[in-house]
Structure formats: C-alpha cells, structure tokens
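The values are calculated or read from the model by the stated rules, or taken from the named source; none is laboratory data. Just so we're clear, the structure is a prediction, and the values are computed from it rather than from any experiment. In this analysis, Cβ positions are derived from the backbone assuming ideal geometry, glycine residues included, and neighbour counts consider all displayed protein chains.
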Amino acid sequence: MRIRTGYEIAYDCPDPVPMLLTLSVHPSRRQDLETPDWVRTDPALDVQQYIDGFGNICSRVTAPAGRFTLSADFIIRDSGEVDEYAPEAQQHAVADLPQEALVYLLGSRYCETDRLTGLAWSLFGATEPGWSRVQAIVDHVHNHIKFGYEHARPTKSAYEAYTEGQGVCRDYAHLAVAFCRCMNIPARYCTGYLGDIGVPLVGVMDFSAWFEVYLGGRWYAFDARNNIRRKARVLIARGRDATDVAIANTFGTAYLVGFKVVSEELAEAA
C-alpha cells in the first residue's frame with residue numbers, strides 16, 4: 001500500500017532560536033520511501049542532520065526571528081500487514097539479554113520504575129512470562145487510562161498517568177513501558193505516523209506513540225492506546241521515553257502557532 005504522509009508545524013519566534021528536530025522517517029523505513037522525506041523550512045534554511053545514540057535521524061536548524069514553518073510531504077510504501085502476533089515469544093532471563101537491550105530495562109525521565117515496581121508485581125506477577133504478560137500489561141493500561149486531549153501535559157510521567165487515570169497516547173505508552181521494565185522485559189518508546197487506515201476515524205490526526213518489547217530474540221510492537229493490531233505504522237524514532245524522541249527541542253522562546261499531521265492511504269500508482 002502507498003501512504004501520503006507529512007506535517008506542517010509553525011512557530012512564532014521573538015528571536016533566533018536553535019532547534020533539534022526528530023521528524024524524519026526512521027532509517028529502518030528509508031528504503032520504503034517513494035518520494036523524498038525532506039525537512040523543509042520557510043524561510044528556506046540549511047538543515048543539518050545526524051544519527052543520534054538511539055539510531056534516529058535528527059535535524060539541526062536555527063530558526064530566525066518571526067514566523068517559522070517546518071513541513072514535509074512524501075509518499076511511503078507499506079506492506080499493509082497488521083502488527084505481528086507471536087504468542088509463543090518467550091521472555092528472556094536478564095542475564096541472557098543482549099547488551100543493546102539492557103538500557104531499556106532501566107528507569108527513565110517519564111518511566112519511573114522505582115515508583116511502580118511494587119505495583120507492577122502485584123498486578124502482573126501471577127501472569128505467564130512472555131507475550132501473555134505483555135498483553136496483560138497492555139490490557140490493564142488500556143482499561144485504566146481514559147483518553148482525552150484535554151488531559152495532555154508535557155511533564156506527565158507514567159506514575160502520574162497511573163494515579164490520574166487519564167492521558168493521551170504517550171501516557172499509555174509510558175505506563176506500559178514502565179510496567180514492562182518493572183517485570184524485567186526490555187521496552188522502548190516509539191513515535192511515528194499512525195493514520196486512521198483500516199479503522200473508523202478516531203479523531204484529529206497527530207503523531208502517535210506506541211512501544212516495542214524484546215521477546216524471543218527480537219522486538220515486537222504493542223499499542224496500549226488502541227489495543228488492537230494496527231497497520232500502516234510509519235516509525236520516526238525510538239528511545240527510552242518521549243525525552244529521546246521529542247519532535248522539537250527549542251533552545252529559546254518559540255511559540256507553537258500551527259500544527260498539522262497527515263497520514264492517508266493513496267491509490268496504487270497506475
């Protein structure tokens with residue numbers, strides 16, 4: 001399948017402000033691009049890119065004073081298959097995990113394992129280790145948190161999402177990631193595009209958050225917000241939590257004045 005994907009994000013900047021951006025399609029999906037995924041700026045500026053410590057493509061730019069717009073509009077191909085289902089996938093003993101997975105066992109800015117470990121074991125200690133345990137975590141988080149954009153808060157952590165019982169997709173992901181880590185399952189936060197393709201319309205299009213766990217020698221995607229197997233995920237970045245994959249870090253004052261995200265299926269090319 002073909003997906004038209006992109007964004008338009010506008011800021012008002014009282015003064016020039018350096019920005020670090022995580023907006024480009026992840027390197028693992030670059031071969032699927034049918035048209036280029038450029039970070040365009042208005043006014044036109046030189047955009048420098050690098051690969052961060054988590055393997056994501058990041059961009060550097062200094063926005064001038066005044067109105068500054070970031071945009072992209074591209075087509076990417078996708079298999080059209082829903083998230084993989086592997087109920088036989090086993091949980092690894094910590095001693096047997098590869099070194100690159102170990103960082104995803106640790107607490108992080110938004111995933112406070114130290115505050116949630118006792119709760120996690122009381123909730124999930126009796127579940128079967130492996131896929132069943134992860135699914136039990138997803139089910140619990142999905143049912144515990146009430147979704148609402150009015151509940152969004154950039155400082156909200158997994159512990160706060162649990163105690164408040166409300167949030168947006170990043171809060172579902174943070175809480176599920178934290179619970180998995182508490183149960184010794186490596187889990188990493190993901191952000192990207194997930195349009196209403198193959199499902200009823202669910203609201204205003206935005207960047208989406210889900211997570212991946214390491215089971216049976218590989219990573220699998222899970223989605224506590226939707227709790228159904230979805231298709232047409234377009235990964236942008238992975239990290240420990242939202243800190244590592246923020247769409248923009250601004251080093252100065254920049255007022256967000258416009259935000260639009262697109263992810264829609266296109267007809268096959270003739």
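If you check Phe147, Phe207 for being more than 21 Å from Phe54 (Cβ to Cβ), of a type in the set (Phe, Trp, Tyr) and not assigned by TED's automatic domain parsing to the domain that holds Ser28, only one passes: Phe147.
Restricting to strands (runs of 3 or more DSSP E) lying wholly in the stretch 198-248: which have 1 or more residues that are over 19 Å from Asp83 (Cβ atoms)?
234-239
Taking each residue of the stretch 143-155 that is under 16 Å from Asp241 (Cβ atoms) and looking for partners that are part of a loop (DSSP other than H, G, I, E, B) and hydrophobic (A, V, I, L, M, F, W, C) with beta-carbon atoms closer than 7 Å, six or more apart or interchain, yields Ala152/Val168. The number of residues in the stretch 158-180 that are surrounded by fewer than 21 Cβ atoms within 10 Å (Cβ to Cβ) and among the basic types (Lys, Arg) comes to 0. Note on the stretch 7-59: residues that are surrounded by 15 or more Cβ atoms within 10 Å (Cβ to Cβ) and at positive phi amount to 0. Just one of the numbered conditions (1) out of contact with any His (no Cβ under 9 Å at 6 or more places or on another chain); (2) under 21 Å from Ile57 (Cα atoms) is not true of Gly195: (2).
Against the test of being in contact (Cβ under 8 Å) with a residue 60 or more places away in the chain and within 30 Å of Leu123 (Cα to Cα), the options Gly258, Gly239 yield a single qualifying residue, Gly239. When the stretch 189-238 is limited to residues that are in contact with a Cys (Cβ under 6 Å, 6 or more places away or on another chain) and of a type in the set (Gly, Ala, Ser), the one that is modelled with the highest pLDDT turns out to be Ala209. Checked against (1) touching a strand residue (DSSP E or B) at 6+ places or on another chain (Cβ under 7 Å); (2) charged (D, E, K, R); (3) without any contact (Cβ under 8 Å) to a residue 60 or more places away in the chain, Arg170 passes all but condition (3).
Screening the candidates Ala120, Ala89 for the property of being in the same structural domain as Cys180 (by TED's automatic domain parsing) and over 21 Å from the mean Cα position of the chain (by Cα) yields one hit, Ala120.
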